[in-house]
Amino acid sequence: MLYGYMAYFAAQERLLEALKALKEAGYRHLEAFTPTPLEGLEAVYGREERIPWMAFFLGVLGAGLGLFLQVYTTLDYPHNAGGKPLLGWPAFIPVTFEITILTITVGIFLYLLYLNGLPLAAHPATLASRYREALVDRPALFVYATDPRFDPEATRDLLQGLGAEVEEVRRA
Amino acid sequence: MPERHPDHDLIQGEWTEKTLVEKLLEPVEKPPPRPWKVVLAVGFVLTLAWLYAIFVTFTKGLGTWGINQPVIWGFDIVHFVWWIGIGHAGTLISAILVLMRQNWRDSLNRITEAMTLFAVLCAATYPLIHMGRAQHFYWVLPYPTHLALWPQYKSPLSWDVLAIFTYLTISTLFLYLGLIPDLAILRERSQGWRKKLYGWLSLGWTGSALHWRRYRAAYVLLAGLATPVVISVHSVVSMDFAYGLVPGWHLTLFPPFFAAGAIYSGFAMALTLIIPLRKWYRLEGVITERHLDWMAKVTLASGLGVAYTYLLEIFIAWYSAEPAEWAQQLWRMTGPYAPYYWAMMLINVVLLQTLWFPRFRRNVAWLFVFSILANVGMWLERFVIVVISLSHDFLPGNFHLYYPTWVDWTLFLGTLGFFLFGLAVLIRLFPPIAVAEMLHLYHKLRKH
């Protein structure tokens, strides 16, 4: 069974151009593999906005939890510490701050894994014989055979026309 | 001739992506150099000694330590503060320098983040075993007990628990997050148990461009959040002291003083580790003299903050017109501990000034010697703050000197050993320089 085509490029800039060209030609089931973040991807897919909003939400949640922890425990067991007011809020800042940061960090880490669909046990692109080079110096574009536009001949020609070396990826 | 990137000399020599990756993976893939084996062996033996000292502490109790009235915080707290401070350089390099877009951090962040992890682990053991009844460590956490008691959240000691815990979690996650792309490269290049290990740990990272985009967004965001943590953790530690009434502790200057000292000692320790690493693994092309020069500059800047505080401490003790404070200052300068005080002044105030001069900053041998001296100096500073202050409080009848026992010394040498052992194992399994970050830098520099 054919999974798709792995198209290797000499540089990330070439890959980005090819990605744009294929998007324009109407391809949708594409995945690019690069050794480092692909500069200019925002022009194709827009900015990542979910992560900052999630961080804000987690921050509010963490700050609320931190304050609640301290106010609740203080009221549950009222204790005169050095004559300070029972709910002297300046003393609550450090713990609230630490719990806020802790919540955001752990939450964003898990959210990142969720968005990226990790952990991932297997991926068809990794079956390509030169996949390991895609992580170093041969950024690659994977065109899924499930793409409605996919055509064994035309897609190969299109990719080669964009300067790629094309490899068929089949179930091993 | 195309215009060159201002940081073009951060990667020196002729490299392609492929040779660069191979060079950076050498510590993991090639047989280790001889000094690595020595470090591993020494670290292992000291770790065993450390475990024995902990065993003695647990079975016989805190009476085996030198702490006694009035010096009830001895080597344990000296070393706790010392280690926590050392950790700060890693977070500074990985977080603050990301936000400031400092390209020179890219080849230093992995090893310093690893340093942070082990330094904080070493630090965290001290308060735990210092509790005496360490089996009750969970009493510091807020959990519903049948006694209906809660931790006292107006006390800096309770803040400290959360600050250290948050710091340990964040620095571990940050180190791991940075490792994930490198683990994927290693997964594709290795066989056998290593392939399994890297495969599991890389979580199936594929290098997908969309994943990278989210990864970058999360990484920069977490860097932004880790930045205030760098400042806050040691500030909270300093409040453990500043909230007390002991002469020499009761000072509002403590939080910035401790934060500066943390960065100073952390960069010094980073230099102590990076200079041999660079030599043993021949990494001069990616950790250049310019990197060391920058690190020396940060050491100088934070060290000056420390030196300033030393001088201000003397002034405040006098200006406060508080007899106990002034007596404490004189005790430090002329009492039985005076050699320690003056040695600290010599290193952290006088010898520090050599770093103003490029001739000294570019002298790798001097940098190495100074980095070790600076950590001795910071150790002395913690000793001055913790032990000397406590030995001379308000009641002359109460004054007493501190005599550490062999258990105290073994606990200290043991954490040093564990630190080296842990780092040696880590750089054998995971690349000590972030490969993906260096590839990114390579692209950035080449585009010009």
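Where a number appears in this text, it was derived from the coordinates with a stated rule and is not lab data. None of the values given here were measured: they were computed from a predicted structure. Because the Cβ atoms are built from the backbone with ideal geometry, glycine has one as well, and the counts that use them run over all protein chains shown.
The calculated 222 nm mean residue ellipticity attributable to helices in the protein assembly as shown amounts to -20500 deg cm²/dmol, summing -39500 (n - 2.57) over DSSP H runs of n ≥ 4 and dividing by all residues.
Taking 8 Å as the Cα distance limit and 6 or more residues as the minimum spacing, I'd like the relative contact order of chain A as a percentage.
This gives 54 percent for chain A.
In terms of other Cβ atoms within 10 Å, A:60, B:56, A:143, A:169 run from fewest to most in the order A:60, B:56, A:169, A:143. Within the shell defined by Cβ-Cβ distances under 12 Å, the residues around residue B:81 carry a net charge of -3, with Lys and Arg each +1 and Asp and Glu each -1. Spin-label model, residue B:196/residue B:401: points 7 Å from Cα along the beta carbon direction are separated by 5.8 nm.
Its alpha carbons considered, chain B gives a radius of gyration followed by a Dmax of 22.9, 78 Å. Remark: the protein assembly as shown projects, on average over all directions, an area of 31.9 nm² (convex hull of Cα atoms).
Rounded to the nearest Hz, the phi-derived 3J(HN,Hα) couplings of region B:36-50 under the Karplus curve 6.51 cos²θ - 1.76 cosθ + 1.60 (θ = phi - 60°) are 4, 5, 5, 4, 4, 5, 4, x, 5, 4, 5, 5, 5, 4, 4, where x marks glycine and proline. A Förster radius of 41 Å combined with the Cβ-Cβ distance from residue B:360 to residue B:37 puts the calculated FRET efficiency at roughly 0.80. Count Lys and Arg as plus one, Asp and Glu as minus one, and take only other residues whose Cβ is under 9 Å from that of residue A:165; the net charge is then +1. Modelled this way, with points 7 Å down the Cα-to-C-beta line, the labels at residue A:81 and residue B:59 are 3.8 nm from one another.
For region B:100-118 versus region A:53-94, the spacing of their alpha-carbon centroids is 34 Å.
P(r) tail for chain A: Cα pairs beyond 20 Å make up 65% of the total. Applied to region B:232-244, the Karplus parametrisation 6.51 cos²θ - 1.76 cosθ + 1.60 on θ = phi - 60° returns per-residue 3J(HN,Hα) values of 6, 4, 6, 5, 5, 4, 5, 6, 3, 8, 4, 6, x Hz, with x for Gly and Pro.
Its convex hull of Cα atoms gives region B:1-156 a direction-averaged projected area, equal to a quarter of the hull surface, of 16.0 nm². Annotation: amide H-H contacts under 5 Å for residue A:162 (H modelled 1.01 Å from N, sequence separation of 5 or more, or interchain): none. Using the Cβ-Cβ distance between residue B:68 and residue B:131 with R0 set to 22 Å, the FRET efficiency works out to roughly 0.85. Tell me, rounded to the nearest percent, the portion of alpha carbon pairs in region B:363-448 spaced more than 22 Å apart. Result for the distance tail: 60 percent.
Listed values for region B:307-320 are Karplus-derived 3J(HN,Hα) couplings in whole Hz (6.51 cos²θ - 1.76 cosθ + 1.60, θ = phi - 60°), namely 4, 4, 5, 4, 5, 5, 4, 5, 4, 5, 4, 6, 5, 5, and x replaces Gly and Pro. Let me know the shape class of region B:213-256, please: from the alpha-carbon gyration tensor, a ≥ b ≥ c as square roots of the eigenvalues, rounded when a/c is under 1.5, otherwise prolate if a/b is greater than b/c, or oblate. Prolate shape, in that a/c is at least 1.5 and a/b is the bigger ratio. The residues packed around residue B:383, meaning those with a beta-carbon under 14 Å from its beta-carbon, carry a net charge of -1 if Lys and Arg are +1 and Asp and Glu are -1. The distance linking region A:4-19 with region B:22-93 is 48 Å (Cα centroid to Cα centroid, whole angstrom).
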